[in-house]
Structures are given as structure tokens and as C-alpha cells.
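What follows is a short report on a single structure.
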Amino acid sequence: GVQTCALPIFYRQAIRIDETLFRGQTKFQTVEFHRNERLGRFLTLDGVIQTTEGDEFYYHESMVHAAMLAHGKAKSVLIIGGADGGILREVLKYKSVQKAVLVDIDGELIDLCRQYVPSINGGAFEDRRTVNAPGDGAAYVAETNEKFDVILVDSTDPQGPGIVLFQAPFFRNCRRVMNAGGVMVTQNGVYFYQQDELRDAHKHRLKGFKKAGAYVGPIP
């Protein structure tokens, strides 16, 4: 079986499926868990590879530690997306954190990830500081009265329900719920192949924040 990325026709990425563990449909998307001899278990959503046990740490560590170290003493963290729990796992390594709120639109996916790739969350959902609040992340930041020191957006690509997480109203609302000195990091695809995505999202970010930039993580 071949899983293809939602990228231009000149590029294709594939992972060999050695075993299929689960294939099903949630309210929002098609979910599959497979196993590969080298990379371990991996997740696809609507046929697009999201994470593998073998290389997930590159992504989750890159997303979390830049923001947490830049802030230095974050007590409250908001994670939008992140159903696999990898971002949450890394956030909870900081003793300063008193509350980590995870808001993913697909509550069924959270449960499936806990069942099929438990190594990625590493028990993070059982931590007393975790608030698992399945729901629409864009609506959450538009409506909540809570404030956060760090916001981490572990989203899918800007298509389907995830597209709102790349647009100006979302960034403005994120700025609204951030404490002074807050830091926000968002997933933004592969800049070499998805240049338009990075360029467009950056323009939208600047409508919510005065300072915004990008950094690169080596994620296989």
C-alpha cells in the first residue's frame, strides 16, 4: 500500500505497510493505523501520513521546546490539535506547567491514538495537569476566557476543517487569549515543497501578531 502526501505532482512519499492495525471513519475523517518494520506504527488521516513511532520525536520536540524555552516559565499551555498526545507529552516535561489544555476537533481520534499508538503520548493523558477538551480549536480561542503562556498548534494541512487554523481570525483570537510575553508555534508543512502554504499563513499571522517568523526542524 502506498500513502501519498497532498503535495505537487513532482514529489511523492511512501511508507511500506507491513501490517494494518485499524481502518475506520470518525465523524471528521478516515483514520488508519499501520505498522512498518523500520518506523513502527504510523497514523494516516484521509490517506495522508501524519506521524510514525520511529520519527515522531523530531517533530514533537521541535514544536515544543523552542517555545517553552523561549518563554522560560510557562504555567499554562494550550495545544490545538495534537490528538496523538506527543506535543502534550513534551509540554509536561516542564515542571513550571500547571495546566495543559488539549483541544482537538476529533475526540474519537484521541481515543484511537491512545489505543493504537500509546507510546507517543507516554501516559500524558493521565497526568493531573492535563485537560482533555475535544472540540473545535478555532471556536475555543474565540470563546474562552482563559489565558495561556504558550499556544502550540499541531494541525493537519490547510484543507478541510483544518483550514481555519491558518487564517487571520484564528491568529487574532490566539493573541487575545495569550498572556503578556506569550509564545505561539504552529505547524506549517515542508517549506521547500509547500512554499505557498508558508507564505500565505505568514501573511495571516502578521494580522494577529507584530512579530512572526519561521524555523525549520529536521523531520524525516
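The values are calculated or read from the model by the stated rules, or taken from the named source; none is laboratory data. It should be emphasised that the depicted structure is a prediction, and the values quoted were computed from it without experimental measurement. Reconstructed Cβ throughout: ideal geometry from the backbone, glycine too, with neighbour counts over all protein chains shown. Side chains are part of the model used for accessible areas, which takes the heavy atoms of the whole protein and leaves out ligands, DNA and RNA. Shrake-Rupley method; radii C 1.70, N 1.55, O 1.52, S 1.80 Å.
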For segment 108-198, please list each of the strands (runs of 3 or more DSSP E) lying entirely inside it that holds at least 2 residues being free of Cβ contacts under 8 Å to residues at least 40 places away in the same chain. 130-132, 178-186
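Quick one: would you say Asp157 is charged (D, E, K, R), over 14 Å from Val177 (Cβ atoms), surrounded by 15 or more Cβ atoms within 10 Å (Cβ to Cβ) and under 14 Å from the mean Cα position of the chain (by Cα)? Quick ask: steps written out before the conclusion?
Working: charged (D, E, K, R): yes; over 14 Å from Val177 (Cβ atoms): yes; surrounded by 15 or more Cβ atoms within 10 Å (Cβ to Cβ): yes; under 14 Å from the mean Cα position of the chain (by Cα): yes.
The answer is yes for Asp157.
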Examine segment 168-185 for a residue that is open to solvent by 30 Å² or more (accessible area, probe 1.4 Å), closer than 23 Å to Arg12 by Cβ and either under 16 Å from the mean Cα position of the chain (by Cα) or among the basic types (Lys, Arg) (or both), and state whether such a residue exists. no
Is it the case that Leu69 is of a type outside the set (Phe, Trp, Tyr) and part of a strand (DSSP E or B)? no
Which condition breaks for Gly123 when tested against (1) at negative phi; (2) modelled with pLDDT of 95 or more? (1)
In segment 174-201, residues that are of a type outside the set (S, T, N, Q), within 25 Å of Thr51 (Cβ to Cβ), out of contact with any His (no Cβ under 7 Å at 6 or more places or on another chain) and at pLDDT 90 or above total 3
Identify, from the list Asn145, Asn132, the residue that is among the polar types (S, T, N, Q) and more than 19 Å from Arg176 (Cβ to Cβ). Asn132
Whichever residue in segment 64-83 is out of contact with any strand residue (DSSP E or B) (no Cβ under 6 Å at 6 or more places or on another chain) and within 18 Å of Ile120 (Cα to Cα) and, among such residues, is most open to solvent (accessible area, probe 1.4 Å): His65
